[in-house]
Amino acid sequence: MINLAIAGKPNCGKSTFFAAATMAPAEIANYPFTTIDANNGVAYVRINCACKELGIQNCPACTNGVRFVQIGLIDVAGLVPDAHKGRGLGNKFLDNLREADAIIHIIDGSGSTDAEGNPVDKGSHDPAGDIGFVESEMKMWVYGLLEKNWQKIQRSAQQKNYSVEDTVAEQLGGLSITPEHVADAVRITDISLKSCTDEELIEFCGALVELSKPFRVVANKADCAPPELLEALKQQDISFSSAAGELALRKAEDAGLITYIPGDPDFTIKEPEKLNKAQNAGLEAIRNVMKTFGGTGVQQTINGVVFDLLDMIVVFPVEDENKFCDGKDRILPDAFLMKRGSTPHDLAYQVHSDIGDGFLYAVDAKTKMRIKESHELKNGDVIKIVSTKK
């Protein structure tokens, strides 16, 4: 399963974003280090179900053609400057990022928290200064892991007749850093790991972090940002969110007060006359925010990270290519997130290792044509796997 981590300085709205995305309980308060231990939850990617294209009516796996696929979400402790040196909860925070495939870096778009996460007057801190902060701390953390063992890494490469690149990948394997990541970072930085300076090694670590843990910066509390701050942030390559607005909508939908599907640009109040004046006013305020940003930004951020940053596609495996169902007649029972470039054989292994081991061929359920083992799957494909194993 894909795992995303939510990172940032204390008190920037990470736990609110986490609660809004997962509806899992997380302590939320207006002071630094509310989150001490990482919160783990399940969030969802919003996709278009294949049922509409296939002409299937009343598909039980979706709602009006909208479907959600599970991913893991981790809300980690807040990060302060020099966390890589152990300040704050730094080492604990960084260790919690090991399993993350990508990182959502939350900044306080309202400018109401300083660099340490302490509350200040709204607009008195420039949130643009927080962009790149988590990336820098991670870069220096990875550098610290390599630098303290650098001579040992060099000796190990010689003794085992490995390349230094392979030894570095082995050293950082616990961070889900692969030999391919290392090779790409060497190519991008154009350095030699056998003879690099400390500055070059730091540059290499920065490229390694960017490749192995890609980032999406999100200005949260954007609905509370003073106009001048908001305009300045719009010049940056970042996203915007109102996690508090999304959390309010999900709670209202859960209570049966509104009709809302996460990721929609608007919602419908079911019976406005049954809400009090404050409730109606609050919902209308959220609606105005959604008009400004095209939604609350929470679901849009998750989808953007998974499909744009991680370049994933969705594939629907079935057992019956004519009825588009599994062996129990369940229509489109599964939807798998897969890396773009994946093949039917990759899909077989994702369904089950035994199915992968016994893979014979695949059928495109839309065309009813047999496809090659090496065929590159496309987003929205519906695929039947034929295997010697059940």
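The values are calculated or read from the model by the stated rules, or taken from the named source; none is laboratory data. None of these values were measured; they are calculated from a predicted model. Glycine also receives a Cβ, built like all others from the backbone with ideal geometry; neighbour counts cover every protein chain displayed.
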* To do: Show the residue pairs that are 6+ apart or on different chains and have beta-carbon atoms under 8 Å apart, the first residue being within the stretch 178-198 and in a helix (DSSP H, G or I), the second being surrounded by 15 or more Cβ atoms within 10 Å (Cβ to Cβ) and of a type in the set (S, T, N, Q).
  => His181/Ser212
* Structure fact -> Quick count over the stretch 122-140, residues being without any contact (Cβ under 8 Å) to a residue 60 or more places away in the chain and either surrounded by 20 or more Cβ atoms within 10 Å (Cβ to Cβ) or in contact with a Ser or Thr (Cβ under 7 Å, 6 or more places away or on another chain) (or both), is 2
* To do: Report, ordered by the first and then the second residue, all pairs with beta carbons closer than 6 Å, sequence separation of six or more or different chains, a first member in the stretch 38-60 that is free of Cβ contacts under 8 Å to residues at least 60 places away in the same chain, and a second member that is loosely packed, with under 14 Cβ neighbours inside 10 Å.
  => Val42/Gln70
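Is it fair to say Gly358 is surrounded by 15 or more Cβ atoms within 10 Å (Cβ to Cβ), assigned by TED's automatic domain parsing to the domain that holds Pro333 and on the phi > 0 side of the Ramachandran plot?
no
Listed here are the residues, each with its yes/no results for (1) surrounded by fewer than 18 Cβ atoms within 10 Å (Cβ to Cβ); (2) at pLDDT 95 or above.
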{"residue": "Val315", "(1), (2)": "no, yes"}
{"residue": "Phe336", "(1), (2)": "no, yes"}
{"residue": "Val363", "(1), (2)": "no, yes"}
{"residue": "Thr367", "(1), (2)": "yes, yes"}
{"residue": "Leu377", "(1), (2)": "no, yes"}
{"residue": "Thr388", "(1), (2)": "yes, no"}
* When you scan the stretch 210-238, how many residues do you find that are surrounded by 22 or more Cβ atoms within 10 Å (Cβ to Cβ), farther than 24 Å from Glu284 by Cβ and polar (S, T, N, Q)? -> 1
* Name the strands (runs of 3 or more DSSP E) wholly within the stretch 291-390 that hold at least 2 residues that are within 30 Å of Gly245 (Cβ to Cβ) and touching a residue at least 40 places away in the same chain (Cβ under 8 Å)? -> 312-318
